[in-house]
Number of protein chains: 2
Amino acid sequence: MASLDAVFSAYESRVAELEARAATNPFARGIAWVDGEFVPLHQARVPLLDQGFLHCDLTYDAPAVWDGRFFRLDDHISRLEASCAKLRLRLPIPREDMKRLLVEMISRSEMRDALAQMMVTRGIIDTRQMTSDKAVNNLYMFAKPYVWAMRRDVQQTTGGSAVVARTVRRVPPGAMDPTVKNLQWGDLVRGMFEAQDRGATYALLTDGDGNLTEGPGFNVVLVDGGVIYTPDRGCLMGVTRDSVLRVAKGLGLEMRCEFVPVDMAYRCDELFICTTAGGVMPITTLDGQAVAGGEIGPVTKSIMDEYWAMHYDDTHTLEVKY
Amino acid sequence: MASLDAVFSAYESRVAELEARAATNPFARGIAWVDGEFVPLHQARVPLLDQGFLHCDLTYDAPAVWDGRFFRLDDHISRLEASCAKLRLRLPIPREDMKRLLVEMISRSEMRDALAQMMVTRGIIDTRQMTSDKAVNNLYMFAKPYVWAMRRDVQQTTGGSAVVARTVRRVPPGAMDPTVKNLQWGDLVRGMFEAQDRGATYALLTDGDGNLTEGPGFNVVLVDGGVIYTPDRGCLMGVTRDSVLRVAKGLGLEMRCEFVPVDMAYRCDELFICTTAGGVMPITTLDGQAVAGGEIGPVTKSIMDEYWAMHYDDTHTLEVKY
């Protein structure tokens, strides 16, 4: 993975530069856009009475900035719009304004690698009026230095350890629609605690009927016999999941988006999880047992390489002017 | 319901007095306790980075104040403690301090009828550290003038209209434990929209397997053949539900807390919903059809009378000194 070594070594330099800038730029460690103003992230506050806080009545999306370029920003905003429509929320400002503000936020912060977040909430309205068309939805945005859901050294050397949660199942689509990106993490947090209790880092949740769904903030992908499998129900249609599928297509791999029986995770050739905050993250230990040989597999490595290459492709990126 | 008429007529006078006080008392329309300070509720803000907002990683409880007395406050705090334990959260301050602050909050506001809320959140910690014992949990408290989930005139004259939701089911206990009072209302908000679309006010959610669970913020109780039925699974163990059961016992009624098949709601003698914010609320129309005769039933009326009488019983109340 020589190319990745170069990509990440350059990243390390940028992190060090950002750290130096934090002495003079109050936004370098994080920036938020609240009530039409930019504020240092750690000072940002939201109204207690916002239904986004009072009933988690909100949706959000989280695009990344890598090496000074937003990655697939339009896709994230489009998904946010779709999520809003499903919850009967509206983008409080036009998407072009949102895009402009996101770019300005990153530019002001001088972060060259960041994770941004756009949250649309129901707003400040009486609980019994939440369904009223009088609700004035709110938008909160913020960005912080790029986040690694799996540490970089772990993703590139040993891979991570996961469990299939047995004390909790994923919320079913008939209760909460997982294609609407949401922050109702009750089941996912239970999974995180179970993983920790069992000496692992990541929890994969089933649908309660023997099929894999997703984990806390990531999709699950299996490689078996040269075929890519990923659940297509009970989980978010992740942008990274989609990037993985595009990359796999380019590599000539067969792909099946369908029910993935949980037992397949114990007999597949390779297993990885994926999300915007970290990309492609190999799982080499499952329920305390090595996945295949316990090494990061060749298909996972190829996908990881191509995934990061996409971040330097103008088709998928929007450059930030600093 | 002569006794209730007197109770509510006195309440109306207190509401008018409070309204007059709002001219000089900035807390009379709502008060919050955030970061150790009392602030007018509409000015209260919470840190954007609190995991309570970022992942709804919190629990809460909501005791009422009626005619200058907290109602069953210890029971609410005990349930909050139990909810915290289940989520591996801790009360950030001792319960006696919490109690003292709640009383002070009400006293300062001069509200004699209020709904208070205590929220315990995971706190400000990196998402990947949410399960760490380093998380410093936060407590936010607030109170606002007493809330009626069903308008008073409606509860005492026509009763309300509900639907059994058919587009959404309640989150199953295997995903999120409904006995942990939470604000992950994704399924409940879907139910509220469905009720509105179908010309009703309240949504009753099933467990997806043909049994009733609860609705947005309330439990469901049926009366059939002189027996009280209420679900004991898939729903919150409501304090008002418990008060109703105590009252029913006092009235010599038989009670069954068990699976309640949804079809029973269409053939029972009386149907009501109950919550701290409003008490006992008769449902007289279900899916557009009259429940029994479409009138508020005699058992519901008796329970409502006794429920409000409990609010004047020293056993269950804690007086606020103003």
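So the values come out like this:
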read-out	value
The range B:31-68, residues that are touching a residue at least 12 places away in the same chain (Cβ under 8 Å), touching a strand residue (DSSP E or B) at 6+ places or on another chain (Cβ under 8 Å) and assigned to a loop (DSSP other than H, G, I, E, B)	B:ALA44, B:ASP50, B:ASP57, B:ALA62, B:PRO63, B:GLY68
Filter result for B:GLY208 (assigned to a loop (DSSP other than H, G, I, E, B) and either within 8 Å of another protein chain (Cβ to nearest Cβ) or surrounded by fewer than 21 Cβ atoms within 10 Å (Cβ to Cβ) (or both))	yes
Residue within the range A:136-149 that is without any contact (Cβ under 8 Å) to a residue 60 or more places away in the chain and in contact with a helix residue (DSSP H, G or I) (Cβ under 7 Å, 6 or more places away or on another chain) present	no
All positions within the range B:56-108 that are among the hydroxyl-bearing types (Ser, Thr, Tyr) and farther than 30 Å from A:MET119 by Cβ	B:SER78, B:SER107
Where A:ALA162 falls short, out of the listed (1) part of a loop (DSSP other than H, G, I, E, B); (2) within 18 Å of the chain's Cα centre (by Cα); (3) among the small types (Gly, Ala, Ser)	(1)
Some residue of the range B:143-162 being away from chain A (no Cβ under 13 Å), of a type in the set (A, V, I, L, M, F, W, C) and more than 30 Å from B:VAL39 (Cα to Cα)	yes
Hey, A:THR179 within 24 Å of B:ALA175 (Cα to Cα), hydroxyl-bearing (Ser, Thr, Tyr) and touching a helix residue (DSSP H, G or I) at 6+ places or on another chain (Cβ under 7 Å) or not	no
Criterion (closer than 30 Å to A:GLU110 by Cβ, in contact with a helix residue (DSSP H, G or I) (Cβ under 9 Å, 6 or more places away or on another chain) and without any contact (Cβ under 8 Å) to a residue 40 or more places away in the chain) met by exactly one of A:GLY238, A:GLY174	A:GLY238
Number of the exception - A:LEU18 against (1) more than 13 Å from every other protein chain (Cβ to nearest Cβ); (2) within 20 Å of the chain's Cα centre (by Cα); (3) not aromatic (Phe, Trp, Tyr)	(2)
Of all residues in the range A:188-202 being of a type in the set (A, V, I, L, M, F, W, C) and more than 18 Å from A:THR240 (Cβ to Cβ), the one that is surrounded by the most Cβ atoms within 10 Å (Cβ to Cβ)	A:MET192
Long-range neighbours under 9 Å by Cβ, at least six apart or interchain, first residue facing chain A (nearest Cβ under 10 Å) and within 12 Å of B:VAL34 (Cα to Cα) within the range B:118-130, second of a type in the set (Phe, Trp, Tyr) and part of a loop (DSSP other than H, G, I, E, B)	none
Subset of the range A:212-228 (residues that are buried (at least 24 other Cβ atoms within 10 Å of the Cβ) and over 19 Å from A:TYR202 (Cα atoms))	none
From the options A:VAL227, A:VAL260, A:VAL239, residue that is in contact with a Ser or Thr (Cβ under 9 Å, 6 or more places away or on another chain) and under 18 Å from A:ILE283 (Cβ atoms)	A:VAL260
Any hit, the range A:62-78, residues being among the β-branched types (Val, Ile, Thr) and crowded, with 22+ Cβ neighbours inside 10 Å	yes
Residue in the range A:168-187 that is modelled with pLDDT of 95 or more, touching a His at 6+ places or on another chain (Cβ under 7 Å) and either facing chain B (nearest Cβ under 10 Å) or buried (at least 17 other Cβ atoms within 10 Å of the Cβ) (or both) present	yes
Selection status of A:MET255, aliphatic (A, V, I, L, M), surrounded by fewer than 23 Cβ atoms within 10 Å (Cβ to Cβ) and either within 14 Å of another protein chain (Cβ to nearest Cβ) or assigned to a strand (DSSP E or B) (or both)	yes
Residue among B:LEU49, B:LEU58, B:LEU87, B:LEU41 that is touching a Gly at 6+ places or on another chain (Cβ under 9 Å), more than 28 Å from A:ASP35 (Cβ to Cβ) and within 13 Å of chain A (Cβ to nearest Cβ)	B:LEU87
Residue in the range A:33-49 that is among the aromatic types (Phe, Trp, Tyr) and crowded, with 20+ Cβ neighbours inside 10 Å present	yes
Candidate set: the range B:283-322, residues that are in contact (Cβ under 8 Å) with a residue 24 or more places away in the chain and among the acidic types (Asp, Glu); chosen: the one nearest to B:ASP263 (Cα to Cα)	B:ASP287
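Conditions tested, residue by residue: (1) farther than 19 Å from B:ALA195 by Cα; (2) in contact with a helix residue (DSSP H, G or I) (Cβ under 6 Å, 6 or more places away or on another chain); (3) of a type in the set (Gly, Ala, Ser).
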{"residue": "B:MET255", "(1), (2), (3)": "yes, yes, no"}
{"residue": "B:PRO261", "(1), (2), (3)": "yes, no, no"}
{"residue": "B:GLU270", "(1), (2), (3)": "yes, yes, no"}
{"residue": "B:CYS274", "(1), (2), (3)": "no, yes, no"}
{"residue": "B:MET281", "(1), (2), (3)": "no, yes, no"}
{"residue": "B:ASP287", "(1), (2), (3)": "no, no, no"}
{"residue": "B:ALA290", "(1), (2), (3)": "no, no, yes"}
{"residue": "B:PRO298", "(1), (2), (3)": "yes, no, no"}
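The values are calculated or read from the model by the stated rules, or taken from the named source; none is laboratory data. Keep in mind it's a predicted model, so treat the numbers as computed, not measured. Don't worry about glycine lacking a Cβ; one is built from the backbone with ideal geometry, like all the others, and counts go over all protein chains shown.
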